[in-house]
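K.L.:
Below are the structure tokens for one structure; questions will follow.
Just so it is clear, none of the values below were taken in a lab; they were calculated from the coordinates. Owing to the predicted nature of the structure, the values given are computational and were not obtained by experimental measurement. Because the Cβ atoms are built from the backbone with ideal geometry, glycine has one as well, and the counts that use them run over all protein chains shown.
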Amino acid sequence: MKLLLLIIVLPAVLLMGCSKHDELHESMESMGESFKVMRKSDDIAAVKAEWVNFKQAQLVAQKQKVPAEDQSEFDNGMNEVSPLIDKIDAALKADDLAAAKGLFKQLGEVRKEYHDKLNVDK
């Protein structure tokens, strides 16, 4: 009976361990999805709505810890993103989609730079 219980419970425990909730990964995925939508859209209202999602995910990501050897570089990347976020906020508040799109390009370059530095796989 104990062996049967072990056979039933052990796989469930292992599966729970493998499906661990990873806030950093989830927030980065959410940011990536929002980023794609914003870069492709020509509708200022849609971009503004997606921007809210992007910023929420970025706030979650920024608070996460990464391996100690990567934390400094991760923090540098987040610090480089912050002024771009402020500029994009201003462009969107002014309904300046062209300026926001130019800033999205810069944001994408920073994203690529730090994903390369941190060996982030897509």
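K.L.:
Can you count the Lys pairs in segment 69-122 with C-alpha separation below 22 Å, eight or more apart or on different chains?
P.N.:
Lysine pairs meeting both conditions in segment 69-122 amount to 9.
K.L.:
Let me ask another. What trypsin sites (Lys or Arg not before Pro) does segment 21-64 have in DSSP loop regions with at most 14 other beta carbons within 10 Å?
P.N.:
Numbers: sites: 36, 39, 40, 48, 55, 63; in loops: 63.
Sparse-neighbourhood loop trypsin sites (Lys or Arg not before Pro): 63.
K.L.:
What is the gain in length, in nm to one decimal, between residue 86 and residue 22 on full extension, counting 0.36 nm per residue of separation less the C-alpha to C-alpha distance?
P.N.:
Values: separation 64, 0.36 × 64 = 23.04 nm, distance 2.68 nm.
Using 0.36 nm per residue and subtracting the Cα-Cα distance, I get 20.4 nm.
K.L.:
Please work out the Cα convex hull volume for segment 22-117 and give it in Å³ per residue.
P.N.:
Values: hull volume 7.8 nm³, N = 96.
Convex hull of Cα atoms, per residue: 81 Å³.
K.L.:
At what distance in nm do the modelled label points of residue 101 and residue 55 sit from each other, each positioned 7 Å from its Cα along Cα→Cβ?
P.N.:
2.2
K.L.:
Between 52, 79, 27, whose Cα lies farthest towards the positive end of the dipole of segment 22-117 when Lys and Arg beta carbons carry +1 and Asp and Glu beta carbons carry -1, centred on the Cα centre?
P.N.:
Result: 52.
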